[in-house]
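Here the structure comes first, spelled out in structure tokens, and everything after it is commentary.
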Protein chains: 2
Amino acid sequence: MTILRSPAGIPDATVARLPLYLRALDELAERGTDVCSSEHLATAAGVNSAIVRKDLSHLGSYGTRGVGYDVRFLAGHIATVVGQTQPWPVVIVGAGHLGSALAAYQGFGARGVKVAAVVDADPDLVGTVVGGHEVRSIDTLSDVIEHGEVSLAIIATPPAAAQSVADALVAAGITSILNFAPTALQVPDAVDLRQVDVAAELQILGYHAHRRQAEPAEEAVLS
Amino acid sequence: MTILRSPAGIPDATVARLPLYLRALDELAERGTDVCSSEHLATAAGVNSAIVRKDLSHLGSYGTRGVGYDVRFLAGHIATVVGQTQPWPVVIVGAGHLGSALAAYQGFGARGVKVAAVVDADPDLVGTVVGGHEVRSIDTLSDVIEHGEVSLAIIATPPAAAQSVADALVAAGITSILNFAPTALQVPDAVDLRQVDVAAELQILGYHAHRRQAEPAEEAVLS
DNA sequence: CGTTGTGAAATAATTCACAGCA
DNA sequence: TGCTGTGAATTATTTCACAACG
């Protein structure tokens, strides 16, 4: 009796890659590929094959030795593990350039994300429509969250407003926040917070570019 | 004779946090804080103090025992290490919702990033102005890169176009790419590639949210 | 004193290498 | 034969804990 266990302790690094595998598998399925090897999936996801096999081993054994993985079956299984059997409703706080861009993003649907509402504090923006969503007042935030069964929130406000928005979200019962504002938010331990900082990403690239031009020949050291 | 060494082997994890420290230090400086402890900086950056001290130790010793770090001096030093003594010119490829939002983003200046140009393949967008930048044809990409001394590029195109854009960027001599398109790009080893995938971030949050609601009481296990 | 800077210990993630199986 | 699944080895990162020092 094999138990289809919902595997308890999946390493964080693995969890962070599962969405990449899912995306890669969906692409492969679209192209009509029914079966793929760990090598194949690794290329499609942009990682190496050893890590693919190790990661998938945390979910249980779903491959066939000498053959590979059933693309659709594996995609379905990963979707189940990440809780993506039905779309996650998400509220976007902030209808500025970035918030609007996210609200208009067509790619969410295929990735199990559904924009439930867009809210903003600016009265001039309330009532306008971005990406097919009418912008509501931020005062309706708790209503939106409770009635919409929303459990994920995106903060796309200026940094100065981000902390109070986070506080309001937490007060309304949100436990998962994706923050685009370049500021370190203070939230309770029980709240899961992830950060996207575009400028920081560019600075990291800048560090390496800087080093490349400073020390052109370091191959010897790297052996 | 203390050598102001440009420290050779800074761990990747540390490099990824330097921009956060820089941001936090700039905020502290604005508020008139002259000196801060590792604890203080840790809170402002959203990490813990042990990691701050360990990270900073990789850059050399710039603190004063019993006192802390000079905010401005440390900020300047980190800026030097990440090569941010003068702004990095960046080209944004793709003037859709996201590309426009990035082009209009006001926060880049303070973080050492300067938008040098915005290009797009769509003739209808060429000539329009987004965030103060006239959108140029993607055919001018290599000119833009060579004349603007651009070394960083942001890909904000639909996934289907991303690989050919990446190829063009690499051909034009770009060695640092920040990719927003949800697809695994194939680039030479010498090219530094970072990925931002919003849907993937949400799926990671979804995984944890999913587990939380599936297993409400796991405190005992975590001891 | 109070806080840094850092070895040493603990933990986490990746890579290797190959037995085991379809 | 070819590819998975996985222990073992390696490497990276975080955390601890405290001596050193302004």
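The values are calculated or read from the model by the stated rules, or taken from the named source; none is laboratory data. Predicted model only: the values in this text are computed from it and were never measured. When we count neighbours, we look across all protein chains shown, and the Cβ atoms used for this are built from the backbone with ideal geometry, even at glycine. When the accessible area is computed, the model is the full protein with side chains, heavy atoms only, and any ligands, DNA or RNA have been set aside. Shrake-Rupley method; radii C 1.70, N 1.55, O 1.52, S 1.80 Å.
Each residue of region B:11-21 is assigned a 3J(HN,Hα), and the resulting list reads x, 4, 4, 5, 3, 5, 9, 4, x, 5, 5 Hz, derived from the Karplus form 6.51 cos²θ - 1.76 cosθ + 1.60 (θ = phi - 60°), x at Gly and Pro.
Of the two radii for chain B, the radius of gyration is 1.04 times the Kirkwood radius, both from the alpha carbons; that is the Rg over Rh value. Go ahead and collect, in residue order, the members of region B:107-123 whose backbone nitrogen is under 18 Å from a label point 7 Å along the Cα-Cβ direction of residue B:143. Flagged as within label range: B:116-123. Calculate what fraction, in whole %, of the accessible area of chain A sits on carbon and sulfur atoms when a 1.4 Å probe is rolled over the protein chains. Exposed carbon and sulfur together represent 53 percent of the surface. Compared with its chain on its own, region B:145-181 contains the following residues whose accessible area drops by 40 Å² or more in the full protein assembly (probe 1.4 Å; ligands, DNA and RNA excluded): B:152, B:178. Legend: residues in region A:91-123 shielded by at least 40 square angstrom of accessible surface upon adding the remaining protein chains to the isolated chain (1.4 Å probe, heavy atoms) are A:97, A:101, A:111. Remark: region B:81-91, residue by residue, has Karplus-estimated 3J(HN,Hα) of 4, 7, x, 9, 6, 9, x, 7, x, 10, 9 Hz, where x stands for each Gly or Pro and the curve is 6.51 cos²θ - 1.76 cosθ + 1.60 at θ = phi - 60°.
For residue B:54, no lysines have a Cα closer than 27 Å to its Cα, not counting residues fewer than 8 places off in the same chain.
The string of couplings for region B:129-137 from the Karplus curve (6.51, -1.76, 1.60, θ = phi - 60°) is 10, 10, x, x, 10, 6, 6, 9, 5 Hz, one whole number per residue in order, with x for Gly and Pro. For the pair residue A:72 and residue A:50, label points projected 7 Å from Cα toward Cβ lie 3.5 nm apart. For chain B, the solvent-accessible area of protein heavy atoms averages 49 Å² per residue (probe radius 1.4 Å; ligands and nucleic acids excluded). Close amide H contacts of residue B:117 (hydrogens built in the peptide plane, cut-off under 5 Å, sequence separation of 5 or more or a different chain): B:90, B:92.
Measuring only protein heavy atoms, the 1.4 Å probe finds residue A:114 accessible over about 110 Å².
Per residue of the protein assembly as shown, what 222 nm ellipticity follows from adding -39500 (n - 2.57) for every DSSP H run with n ≥ 4, rounded to the nearest 500? Working shown, then result.
Values: 18 runs with 193 residues, N = 446.
Only helices count here, giving -13000 deg cm²/dmol.
With the cut-off at under 13 Å, measuring from each backbone N in region A:170-192 to a point 7 Å along the Cα-to-Cβ line of residue B:213 picks out A:174-176. Once you reduce region B:122-144 and region B:34-89 to the center of their Cα atoms, the two points are 39 Å from each other. Once backbone amide H atoms are built at 1.01 Å from N, residue B:152 has B:91 as its partners under 5 Å, excluding neighbours fewer than 5 places away on the same chain. Relative contact order, whole percent, for chain B stands at 13, derived from Cα pairs under 8 Å and 6 or more residues apart. For residue A:72, inter-copy separations between label points set 7 Å beyond Cα along the Cβ vector come to 6.7 nm, shortest first. With respect to the axis relating copies A and B by rotation, the chain A residue whose beta carbon is closest, plus that distance in Å, is A:101, 2. Considering only A:14, B:32, B:106, and ranking their Cα positions along the charge dipole of the protein assembly as shown that arises from unit charges at the beta-carbon of Lys, Arg, Asp and Glu, the one farthest toward the positive end is A:14.
Projecting 7 Å from Cα along the Cα-to-Cβ direction, the label point of residue A:164 sits 4.8 nm from its equivalents in the other copies, listed shortest first.
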